[in-house]
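Below: one structure, written as structure tokens.
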Amino acid sequence: MKPDDEYKDVEYWNARFLQEESYDWLVAFEDIECLLRKYVPIDRPLRILHIGCGNSTLSIQLKHFLHPESYICNQDFSEVLINKMRATYGEETGRFEWMVGDMTDLASSAFPPASFDIVIEKAALDALTVHTGDPWNPREEVREDVAKVMRGVAMLLRNDCESLFLSISFHQKHFRLKLLDDMEINFQITVQDIPHTKSLPHFLYICEKKKHQGTSAN
Ligand SMILES: C[S@@+](CC[C@H](N)C(=O)[O-])C[C@H]1O[C@@H](n2cnc3c(N)ncnc32)[C@H](O)[C@@H]1O
């Protein structure tokens with residue numbers, strides 16, 4: 001990735017999405033399908049929020065294996081992208097939607113607390129963490145952005161033991177877990193290696209809300 005902070009900037013992404021039609025960062029759906037099937041139940045309707053969705057095909061493919069009454073909201077802060085994805089893939093109110101939104105400010109989204117079973121992201125947190133400075137001691141701005149995402153996700157997930165935040169990332173385990181450990185968040189985290197990817201190792205971070213936590217952002 002580039003040596004500055006452009007992956008955090010909506011102007012960078014708007015310009016990129018004007019040119020780019022479809023690109024899957026890190027891994028293709030087929031690389032993670034087995035793991036997703038392990039963690040995403042298909043026997044009941046789910047409400048899923050896909051943050052920093054980009055023009056990846058993740059949720060287009062995901063929706064085919066979900067219970068047919070499930071809902072997926074695809075969110076990204078690039079309006080250019082959201083308009084293009086809506087035009088390409090369409091939407092169906094209450095089933096499959098595209099929405100402009102900032103993942104560092106999920107509290108301002110249209111959704112009430114505890115309204116999703118699963119929040120998922122692929123390489124979107126990486127856009128915030130790729131320029132941490134010293135990876136053992138990330139810059140304060142990076143910590144704050146990641147904390148805002150994690151608190152927003154915790155707020156939007158249901159308060160039951162089955163709700164999950166699934167994060168697909170190339171952020172190495174020791175750095176990601178330390179970063180999250182150092183902040184006060186309500187998640188129990190386990191990590192799965194994503195097998196058979198071409199280049200760098202990639203990981204699925206499975207974040208479960210800790211029991212007996214409320215919907216507050218603390
Ligand atoms: C590296 S791309 C990953 C795109 C897609 N998830 C994929 O796997 O191919 C990062 C995505 O995060 C989005 N993004 C970056 N910062 C964001 C923010 N604060 N809120 C919402 N989306 C953001 C970008 O617009 C871009 O679509």
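The values are calculated or read from the model by the stated rules, or taken from the named source; none is laboratory data. Remember, it's a predicted structure, so these values are computed and weren't measured experimentally. Methodologically, a virtual Cβ is constructed for each residue, glycine included, from the backbone with ideal geometry; neighbour enumeration extends over all protein chains shown.
Odds and ends about this structure:
- Top-ranked residue of the range 42-55 - restricted to ones that are more than 9 Å from the ligand (Cβ to nearest atom), assigned to a strand (DSSP E or B) and of a type in the set (A, V, I, L, M, F, W, C), ranked as surrounded by the most Cβ atoms within 10 Å (Cβ to Cβ): L49
- Count of residues meeting criterion [without any contact (Cβ under 8 Å) to a residue 24 or more places away in the chain and within 16 Å of V130 (Cβ to Cβ)] in the range 175-199: 1
- L58 meets each of the listed conditions (1) more than 9 Å from the ligand (Cβ to nearest atom); (2) in contact with a Lys or Arg (Cβ under 8 Å, 6 or more places away or on another chain); (3) at pLDDT 95 or above apart from (1).
- Pairs are defined by a Cβ separation below 8 Å, a sequence spacing of at least 6 or placement on different chains, a first member in the range 200-213 that is at pLDDT below 85, and a second member that is of a type outside the set (K, R); the pairs so defined are L200/F170; K210/N186; K210/F187; K210/Q188; K211/C161; Q213/A154; Q213/N159; Q213/N186.
- The set of residues in the range 136-171 that are surrounded by 15 or more Cβ atoms within 10 Å (Cβ to Cβ) and either assigned to a loop (DSSP other than H, G, I, E, B) or away from the ligand (no atom under 16 Å from the Cβ) (or both) comprises P138, A154, L157, R158, N159, S163, L164, F170, H171.
- The set of residues from the range 21-39 being more than 10 Å from the ligand (Cβ to nearest atom) and in a loop (DSSP other than H, G, I, E, B) comprises just one member, E21.
- Selection within the range 85-129 - within 16 Å of the chain's Cα centre (by Cα), in a strand (DSSP E or B) and more than 11 Å from the ligand (Cβ to nearest atom): E97, W98, F116, I118, V119
- Of the residues making up the range 61-84, those that are more than 15 Å from the chain's Cα centre (by Cα), of a type outside the set (S, T, N, Q) and not in a loop (DSSP other than H, G, I, E, B) are K63, H64, F65, Y71, E79, V80, L81, I82, K84.
- Test: R47 is under 19 Å from E162 (Cα atoms), of a type in the set (K, R) and either touching a strand residue (DSSP E or B) at 6+ places or on another chain (Cβ under 7 Å) or modelled with pLDDT under 95 (or both): yes
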